[in-house]
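FYI, it's all coordinate maths here, none of it is from the lab. Values in this document were obtained by computation on a predicted structure and should not be read as measured data. Neighbour counts run over all protein chains shown; Cβ positions are idealised from the backbone, glycine included.
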Amino acid sequence: MQTEEEILKIKKVKNTAVRTVVLRHLLSQEKAQSLKDIENALVYTDRSSIFRTLKTFEKKKVIHSIEDGSGMTKYAVCAEGCNCDPKDLHYHFYCTNCEKTFCLFDVTIPNIQLPNNFKLQQANLVVKGLCDNCNK
Ligand SMILES: [Zn+2]
Ligand SMILES: [Zn+2]
C-alpha cells in the first residue's frame, strides 16, 4: 500500500497539508466518498479547499469520480499504476441498502467495439445489489 506522500510524488502533485489530509482520508475508507462525506469527516478543513483538492486530484489521476445514480458524485483513490485509461476502467458496486459505493478493481470492463474513429474516454458501469455487510 502506497502512502499519501508516495502517491502525490508519483502523480506529480505538490504536497500540501490539505491534500495530504484529504488523500489520507480517502485511503482509509473502503467505500467511495462524496464531497459531503469528506466534509463531514474533515470538519476542521476548509470546504472550498477540499473541493479544489478533489478537482486537482481528479485532473492528476490520483482519484476517479463515480456516478452511482445516488445523485452525489463519489470519489475513490485510483489503484496503483492506474492512468484512468480505458484499460483501467472498472465496475462499481452500489449497495441499495446502505448506499455505499465500492470500486471493483478486479472487474474490468469488456472491450467495447466502437465505430471507426470513436474514442472511449469514460464508462459509467455501476452494478447494484447488497454488499457483504447488508447481505448477512
Ligand atoms: Zn450495504
Ligand atoms: Zn473505482
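With a 10 Å cut-off between alpha carbons and a GNM built on the chain, which of 14, 60, 100 moves the most?
Answer for the Gaussian network model of the chain: 14.
Can you classify the stretch 48-136 as rounded, prolate or oblate using the Cα gyration tensor, where a ≥ b ≥ c are the square roots of its eigenvalues, rounded means a/c under 1.5, and otherwise it's prolate if a/b beats b/c and oblate if not?
Taking the square roots of the gyration eigenvalues as a ≥ b ≥ c, the stretch 48-136 is oblate.
Projecting each Cα onto the charge dipole of the stretch 4-129 (Lys/Arg +1, Asp/Glu -1 at the beta carbon, about the Cα centre), which of 17, 101, 27 comes out farthest on the positive side?
17
Within 10 Å of each residue's Cβ, count the other Cβ atoms and sort 13, 22, 43 from fewest upward.
With the fewest neighbours first, 13, 22, 43 line up as 43, 13, 22.
What list do you get for 87, 74 if you sort them by fewest beta carbons within 10 Å?
Ascending number of Cβ neighbours within 10 Å: 87, 74.
What size of dipole, in debye to the nearest 20, comes out for the chain about its Cα centre when the only charges are +1 on Lys and Arg C-beta atoms and -1 on Asp and Glu C-beta atoms?
Working: 20 positive and 16 negative charges, 96 e Å.
With only Lys, Arg, Asp and Glu charged at Cβ, the dipole is about 460 debye.
Tell me the mean residue ellipticity at 222 nm calculated for the chain from its helices only (DSSP H runs of n ≥ 4, each -39500 (n - 2.57), averaged over every residue, nearest 500).
Result for the chain: -8500 deg cm²/dmol, rounded to the nearest 500.
Taking other Cβ within 10 Å of each residue's Cβ, how do 46, 68, 37, 132 sort, fewest first?
In increasing order of surrounding Cβ atoms, one gets 132, 46, 37, 68.
Please report the antiparallel percentage of the DSSP beta bridges confined to the chain, to the nearest 5. Could the numbers behind the result be given before it?
Details: 12 of 16 bridges.
Percent antiparallel among DSSP bridges in the chain is about 75.
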